[in-house]
Amino acid sequence: MSAAETSGKIEYSDSVNRNALIAVKAHLIAGLLVFLLMMLGGLTMRAAQGTWLEIGADLFYQIMTVHGVGVVGAAVIASTGVQWYFLRQYVRLSNGIFWTNFIIFLTGVVMILGSIFVGKYGGAWTFLYPLPAISMGAWSNGAAALFQLGVLIIGVGLLILYLDFGRAILARYGSLARALGLTQLFGKEPVDYKHPAAVVASTMVLIVNFLGIAAGAVVLVMGLINLYYPEFKPDALLMKNLIYFFGHVIINATIYASVIAVYELLPRFTGRPWKTNKPFYAAWFAIVFMVMGVYPHHLMMDFPMPSWALIAAQILSFGSGIPVMVVTGYGALMIVYRSGIKWSTTAKLLVLSMFGWGAGVVPAILDAMITVNRTFHNTLWVPGHFHFYLLIGLLPMIIGFTYYLTGEGDSKEETKTVDNLGFYAYLIGAFMTSMVFLASGANSIPRRWAAHLPEWVGYAQVGTVAASLVVIGMLFFIVRALVSLPGASNPR
Ligand code: HEM
Ligand SMILES: [Cu+2]
């Protein structure tokens, strides 16, 4: 098979297609509902820090734990829905395995909810060793174990799904390198502008997430053993490295999976194809290593870390946002510029996501500089940067794709008022939420504190107002999805 033949789409039977669409919708609705609930948790935390709501510190940390693990889970399941939807157009994926992962995911969610709200586990989603084992009575060993088991089985479900991705990609392209476009990049094959961006991005996500989740599984098992056999004391720094490798990779990969919606949909709305080319392949090849290499930026205040790892992480962090962001942002601008695109809510969300991702990377890179990190480490600057690119980068990709599935993007009708209300409430709220976190961090307000000092309370109150706007916007989006999505047929 020559490279030029590689772009054709796969034919499935109607019943397989119908089943696949239902599965994708289930992923999106589950993801959006979890996001909404977790946003309510975020609002609660902000209101508590702002003294407008009184909750005990134990409940605060339970909410913080469920919020962290919940949004990451929602991001993973929804972005997997986006990715699977497009990838299956080019390689033959199994509906059964897609559903299996979904069911395993829901099982893990139930276990995690039980561990937090019944077992009172409040050791944060990062389950940083040895914290889960030393709760000083706040939660039992069993609760900590249930939490880690829940995360572990979600990881196992994903590994099964990625095996299917890998099998299908190899069946069509022969090697991961070829799927990534490396044979074209290095001149072994002529450049095929139709080689699907969805396949390139999916291969990258598959590689990094497989390794990230494998590291996660190792550290979860070691943590579980320690809970029951305290004589088994793994090296704390090793544990932290594995945990942050896993956590960093899995949340970042959700963006790289969801950006496929931008590649696939903007061309549709502008009538201009997204052409893959050598810079595109080079960027995605680089990001495979960068996403994995930068994780020590979470360990910059861990002085026993070897300096080379920290310095490498700082340098890679500088560069890590750039390759894919540049080819994607530039590509998106070129596609949209003077295209006469109709500004549906779908299109607005996808273009907003480019801004949110690009702009959100800036405070992240700042914090990955060792000298800045000395001051900003563990301040609200950190939630500031990641809420920025998750709320304004990742979520608009996912919500934009959901809108597309309802048919909104292709519709000739004027944008509905409810959609506009939702969009602007969300946009203003999300921007404010992130900026207030950043401003708080710049003023040295620590992160993960249930109670705030009197001079910090004003920030938290502005943050509470901002959070309410996000929740209102999200409510509009979700109602829209719940009304329009179930009956929507596959956009042609
Ligand atoms: C209305 C929207 C949201 C609000 C008001 C909100 C608020 C918060 C607050 C108050 C915290 C704890 C900050 C602290 O350390 O004091 C937090 C942590 C966090 N949020 Fe959000 N959040 C929102 C949405 C999201 C979304 C959509 C995501 C991801 C897609 C997200 C990811 C996280 C993560 C990963 C943490 C860290 C938890 C930890 O420190 O263990 N948040 N958020
Ligand atoms: Cu990171």
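Summary of computed values
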item: Burial ranking of peptide ranges 174-181, 440-447 (average Cβ count within 10 Å, highest at the top); result: 174-181, 440-447
item: Total formal charge among the other residues, if their Cβ is under 14 angstrom from that of Glu408, Lys/Arg +1 and Asp/Glu -1; result: +2
item: Span-rule helices in the chain, defined as complete DSSP H runs reaching 18 Å or more along the axis (Cα) with Kyte mean at least -0.5; result: 14-49, 57-87, 95-113, 141-173, 197-228, 236-258, 278-293, 307-320, 322-336, 345-367, 417-442, 457-484
item: Cα centroid separation, the stretch 8-82 to the stretch 299-325 (Å); result: 29
item: Under 20 Å from Lys240, Cα to Cα: lysines that are on another chain or at least 8 residues apart; result: none
item: Top positive-direction residue, dipole computed over the chain with Cβ charges, set Pro234, Gly360, Gly458; result: Gly360
item: Burial ranking of peptide ranges 228-238, 265-275 (average Cβ count within 10 Å, highest at the top); result: 265-275, 228-238
item: Estimated distance in nm for a label pair at Asp235 and Asn443, the labels positioned 7 Å out from Cα along Cα-to-Cβ; result: 4.2
item: Debye-sum result for the chain in log10 I(q)/I(0), which assumes one identical scatterer on each alpha carbon, at q = 0.05, 0.09, 0.10 Å⁻¹; result: -0.18, -0.60, -0.75
item: Dipole magnitude (debye, nearest 20) for the stretch 130-246, charges at Cβ of Lys, Arg, Asp, Glu; result: 260
item: Amide H partners (placed H, <5 Å) of Thr379, local residues excluded; result: Arg447
item: In nm, spacing of pseudo-spin labels at Asp302 and Ile428 (7 Å Cα→C-beta vector); result: 4.3
item: Under the Debye formula (equal points on every Cα, no solvent term), log10 I(q)/I(0) of the stretch 349-458 at q = 0.13, 0.17, 0.19 Å⁻¹; result: -0.57, -0.82, -0.93
item: Chain lengthening between Ser94 and Ala312 when straightened (0.36 nm per residue, less Cα-Cα); result: 74.5 nm
item: Estimated FRET transfer efficiency when R0 is 35 angstrom, pair Ile160-Ser13 (beta carbons, to 0.05); result: 0.90
item: Charged-residue dipole, Cβ positions (Lys, Arg, Asp, Glu), the chain about Cα centre, Debye nearest 20; result: 880
item: Listed residue pairs exceeding 21 Å between alpha carbons, taken from Lys194/Lys278; Lys194/Lys412; Lys194/Lys348; Lys9/Lys194; Lys342/Lys416; result: Lys194/Lys412; Lys194/Lys348
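The numbers here are math on the coordinates, done by the rules we state, and not lab data. The model shown is predicted, which means the values in this text are computed figures rather than measured ones. So basically every Cβ, Gly included, is an ideal-geometry build from the backbone, and we count neighbours across all protein chains shown.
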